[in-house]
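Asks: Quick one: the structure is below, and I'll ask about it shortly.
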């Protein structure tokens, strides 16, 4: 997606926005799945055995990754929609 946006001038803006919306939906689904895992298996992470704490920490990074991608998608969609050039 980053490469497509980087070279976005070669495609119609509405197509780039549509790609971003699709990408956003995929990241929303992934984040929802990660949050469900967190709720089901890691409600109280401090009480977990050490091996599970490492899994929890890995999951937390996955959640952060998805949150950041969603923020970037939202910001980029908004920016492109507000832009008045072609």
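Quick note: the coordinates plus some simple rules give every number you see, no bench work behind them. Keep in mind it's a predicted model, so treat the numbers as computed, not measured. We place every Cβ from the backbone using ideal geometry, glycine too, and count neighbours over all the protein chains shown.
Asks: So which residues in segment 47-86 are touching a helix residue (DSSP H, G or I) at 6+ places or on another chain (Cβ under 8 Å) and surrounded by fewer than 10 Cβ atoms within 10 Å (Cβ to Cβ)?
Replies: Passing the criteria: 83, 86.
Asks: Which residues, counting only those in segment 34-46, are out of contact with any helix residue (DSSP H, G or I) (no Cβ under 9 Å at 6 or more places or on another chain) and part of a helix (DSSP H, G or I)? Talk me through it step by step, then tell me what you get.
Replies: In the first step, residues of segment 34-46 are kept if they are out of contact with any helix residue (DSSP H, G or I) (no Cβ under 9 Å at 6 or more places or on another chain); the result is 36, 39-40, 43-44.
36, 39, 40, listed by residue number.
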